[in-house]
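The values are calculated or read from the model by the stated rules, or taken from the named source; none is laboratory data. Predicted model, so just to flag it, every value in this text is computed and none were measured. Here the Cβ positions follow ideal geometry from the backbone for every residue, glycine too, while neighbour counts run over all protein chains shown. Quick note on the areas: whole protein, heavy atoms, side chains included, nothing else; ligands and nucleic acids left out. Shrake-Rupley method; radii C 1.70, N 1.55, O 1.52, S 1.80 Å.
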Amino acid sequence: MPLSRLNDEQRRAATAPAGRNLIIASAGTGKTSTIVGRIAHLLQQGIPPEKILLLTFTNKAAGEMVQRLKHYFPAQTVDRIEAGTFHAVCYRWLKARLPQSTLKQPGELKTLFRSIYEKRDLKRLGYETQPFSPAYLYELYQLYQNAALESFDQWFLERYPEHEAWMDIYLDICQEYEATKEEYGFLSFNDLLLKVKSRLEEGEQIGFDEVLVDEYQDTNTLQGALIDALEPASLFCVGDYDQSIYAFNGANIANIATFTERYAEARVYTLRTNYRSGAAILALANRVIERNERIYPKELIVGRAGESHPPKLLIYEELFEQYQSIASMIAESATPHSDMAVIFRNNASADGIEASLRERGVPCRRKGGTSFFEAKEVKFLLDLCSLLVNPRDMMAFIHIFEYGKGVGTAMAKEIFQCLIHFGEGDLRRGLLKPAVTTLPKLNPNKNTQLGLFDDDLEIGSVTRFAHMEMEEEIRAHPLLKHPRLGQDGVRFFIEFYRFYRSIDRSQRPATILRKAAASPLYQSVVAMLSAQRARLKSGELDPEKEEQARERILRKARLLTDLATHYSDLHRFVNAMILGGGEMSEGEGVNLLTVHASKGLEFAEVYVIDLMDGRFPNRKLMERTGSLEEERRLFYVAVTRAKERLYLSMARYDRVKKIDFKPSPFLEEAGLIRSDQGPASSPKRV
């Protein structure tokens, strides 16, 4: 049975008397086994399974616990347990009571909110403070619903007193939004919890004998209020205040911190034995996290046998050198790739390490987001390079010309065939110095059943482009006779022609990429992609998002260019980037994870990178919604993912942005550097 597999601490918690029980389960101490043991104990005590509610933060977590229980109890018994996320459980309960309601996705409701906002002409009011955009006001309203019990205006003005002039309008927008949802029967994810809570407070009962809550430290104010509204006979909350890392999403650490104050008869159990990490890794983690206020005293005990490797600090002169060196260490490591992880505070850090791993042919998988090499802005630049290496690479050419407005795949293929024809098999000659000036036969075998109606292209009149500015050699180019080539296609062709003309075949990869990134050709692609990524569902363009998207795109171009500086031969560069690594973001490989994505996972070998003040801790996020204490908890989560080997790394300088870095304060707190000691020569392993 599950209880027989528990240690003494876990068993005491799992068999606690009914009541208000809080289990402090630090990293690697077996919280899942304890929860499964608790449910088994309840079933053995005769509690009906339908009287047990298990609340988790992912349906996957609930499913895994249910599957474990099925090893010991009949499936028909276990399946009667109510288990799932807060939203899933509330949705199932409401479905029978509000059959006409429809659950709507956040994007759809954001569009509804914007339509209500935009009915008001706020610009005419002329207040000194600019109003929040509809998108930002919507996000604030969603955060308020999760994070507060007071009125919206009271919560809002405590944070943004300079917006008091707009408060009545903001309130009116939110009230109309709620009324519209009610009229059409729309439910948001927040509504699921709010409506269940409201019905319970009005007297409806669900009646669970015990409610179990996983990851209790991540509950928000609304979820905490819902748990109280359920009024269960017994409550079993499992969490670790040192792993509360979702304040940006509304999580309220006070839920776990004030547990014994809110429930006078509360019992607290602490799981102290860590089965994941070696002694030296645990000691480092504890040295840092003890700087935070100790809400519940705890001291971790090493329960893991085997050799303990001391954590190592790696210090590098330059940011990209850090990524290159770590990629080399990973390539030379005997640890299986799937049991290695690179953990970072910000997603931008992943691009450099992914690019460096690709260069060495090391497979990796990036959880969430798009692989660096699959990003459209990176693929475009690599396609340009591929075409320079192999001018007969028709697919690279098509991928490039698909960005031409009004071109499309079929037309891009025809343009390629024309240029090869003009150059008598040589794309560059056909583009810059065409030897043949007649259009080729593109569909030599007429077949009306297949839609091939034109044997020969009729020559188009070049005079239709007479008003467009272009060099005479472009104006005389035979491609302009193509009858289906429009003005937008010609503009794209002109920029492609000019870029190709600027490239000498002997130039180094980094020089080619710098010219490409600065070219009007690439800038048109940047403009198109950034506009696409900033387009709201209503069709409106968000200027702030557009600028952010543009900066991210250009950052990737700079990173690829930086990577190219290590190559003198374009062919070798293209081979390493495109062919050498295979598909890097699927299947088995080194795990590239943000700290948030790493939570709950464990690996034999872990690299926590970019440990510079400003990056980790992230000072910008701290100013908005975070705190140094939360950043310290993030560091604690990151380092406790490591079972055997832990590497912490930092760089002193970013050559691209010309920024000097200082070490993260967490490195000093960990005892790896002294406050009066600057980073030593790179790399240094302590």
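What distance in nm separates the two pseudo spin-label positions at H71 and E317, each 7 Å out from Cα along the beta-carbon direction?
5.3 nm
Taking the Cβ-Cβ separation of A604 and A331 as r and a Förster radius of 22 Å, what is the calculated FRET efficiency to the nearest 0.05?
0.85
On alpha-carbon atoms, Rg over Rh for the stretch 1-85 using Kirkwood Rh?
Expressed as Rg/Rh, it is 0.93.
P(r) of the stretch 11-50 in 10 Å steps, Cα pairs, percent per bin?
In order of increasing distance, the bins hold 28, 55, 16, 1 percent.
Exactly which trypsin sites (Lys or Arg not before Pro) in the stretch 389-419 are in a DSSP loop and have at most 12 other Cβ atoms within 10 Å?
Passing sites in the stretch 389-419 are R392.
Counting alpha carbon pairs within less than 8 Å and at least 6 residues apart, what relative contact order, in whole percent, applies to the stretch 45-134?
Computed over the stretch 45-134, the figure is 26 percent.
Give me the one-decimal Kirkwood hydrodynamic radius in Å for the stretch 248-331, with the sum taken over alpha-carbon pairs.
Result for the stretch 248-331, one decimal place: 16.8 Å.
Once the principal axes of the Cα atoms of the stretch 273-322 are found, what is the range along each, listed largest first in whole angstroms?
On the principal axes, the stretch 273-322 reaches 40, 32, 12 Å in Cα extent.
Which pairs, out of K60/K599; K110/K181; K95/K181; K515/K658; K433/K481, put more than 18 Å between their alpha-carbon atoms?
K515/K658
Using only the Cα atoms of the stretch 61-128, build the gyration tensor, take square roots of its eigenvalues as a ≥ b ≥ c, and label the shape rounded, prolate or oblate: rounded if a/c is under 1.5, else prolate if a/b is larger than b/c, else oblate.
Prolate.
Assuming 0.692 mPa s and 37 °C, estimate D for the stretch 152-226 with Stokes-Einstein, Rh taken as the Kirkwood radius over Cα pairs, in µm²/s.
Estimated diffusion coefficient is 216 µm²/s.
Report the FRET efficiency, 1/(1 + (r/R0)^6), for Q205 and H87, where r is their Cβ-Cβ distance and R0 is 25 Å, rounded to 0.05.
The pair Q205/H87 has a calculated efficiency of 0.75.
Can you tell me what the convex hull of the Cα atoms of the stretch 273-393 projects to on average, as an area in nm²?
Mean orientational projected area (the stretch 273-393, Cα hull): 11.1 nm².
With labels modelled as points extended 7 Å from the Cα through the Cβ direction, what inter-label distance (nm, one decimal) is found for L157 paired with K662?
About 3.9 nm separates the two model spin labels.
Using DSSP, restrict attention to beta bridges with both residues in the chain and report what percent are antiparallel, rounded to the nearest 5.
Percent antiparallel among DSSP bridges in the chain is about 15.
Rounded to two decimals, what is the ratio between the C-alpha radius of gyration of the stretch 20-159 and 2.2 N^0.38 Å?
With N residues counted in the stretch 20-159, Rg over 2.2 N^0.38 Å equals 1.53.
Scan the stretch 251-303 for GluC sites (Glu not before Pro) in coil per DSSP, keeping those whose Cβ has at most 15 other Cβ atoms within 10 Å, and list them by number.
E265, E290, E293, E299
Would the stretch 376-437 count as rounded, prolate or oblate if I go by the C-alpha gyration tensor, calling it rounded below 1.5 in a/c and otherwise prolate when a/b exceeds b/c, oblate otherwise?
In terms of gyration-tensor shape, oblate.
Counting only protein chains, not ligands or nucleic acids, how are I659, I289 ordered by accessible area (probe 1.4 Å), most first?
I get I659, I289, largest accessible area first.
Shape verdict for the stretch 154-275, please, from the Cα gyration tensor: rounded (a/c under 1.5), prolate (a/b greater than b/c) or oblate.
Because a/c hits 1.5 or more and a/b fails to exceed b/c, the stretch 154-275 counts as oblate.
Please report the spacing between the Cα centers of the stretch 205-225 and the stretch 21-49 in Å, no decimals.
15 Å
Relative contact order for the stretch 1-109 using alpha-carbon pairs under 8 Å, separation at least 6, rounded to a whole percent?
23 percent
Taking the Cα-to-Cβ direction at R5 and at E540 and moving 7 Å from each Cα, how far apart do the two end points lie in nm?
A separation of 5.3 nm, rounded to one decimal place.
Considering only protein heavy atoms and a 1.4 Å probe, what is the carbon-and-sulfur percentage of the accessible area of the chain?
That fraction is 49 percent.
Considering only C-alpha atoms, what is the centroid distance from the stretch 366-423 to the stretch 110-151, in Å?
With the stretch 366-423 and the stretch 110-151 each reduced to a Cα centre, they are spaced 42 Å.
Give me the percent relative contact order of the chain, please, defined on Cα pairs under 8 angstrom at least 6 residues apart.
18 percent
What list of whole percents do you get for P(r) of the stretch 247-292, with Cα-Cα distances grouped in 5 Å bins up to the one holding the largest distance?
So the P(r) values, bin by bin, are 5, 14, 15, 18, 19, 20, 9, 1.
Could you calculate the FRET efficiency of K413 with D569 from 1/(1 + (r/R0)^6), where r is the beta carbon distance between them and R0 is 25 Å, rounded to 0.05?
Efficiency at R0 = 25 Å is approximately 0.30.
What is the Cα convex hull volume of the stretch 93-167 when expressed per residue in Å³?
So the per-residue hull volume is 114 Å³.
Pull out the extension gain between R533 and R97, defined as 0.36 nm times the separation in residues minus the alpha carbon to alpha carbon distance; nm, one decimal.
Extra length from R533 to R97 when fully extended: 153.1 nm.
Suppose all protein chains stay in the model; what accessible area per residue would a 1.4 Å probe give for the stretch 159-211, in Å²?
Result: 51 Å² per residue.
Which three lengths, in whole Å and largest first, does the stretch 471-527 cover when its Cα atoms are put on their principal axes?
Sorted from largest, the Cα extents of the stretch 471-527 read 37, 27, 16 Å.
Once you treat every alpha carbon in the chain as an equal point and sum by Debye, what is log10 I(q)/I(0) at q = 0.06, 0.07 Å⁻¹?
-0.47, -0.63
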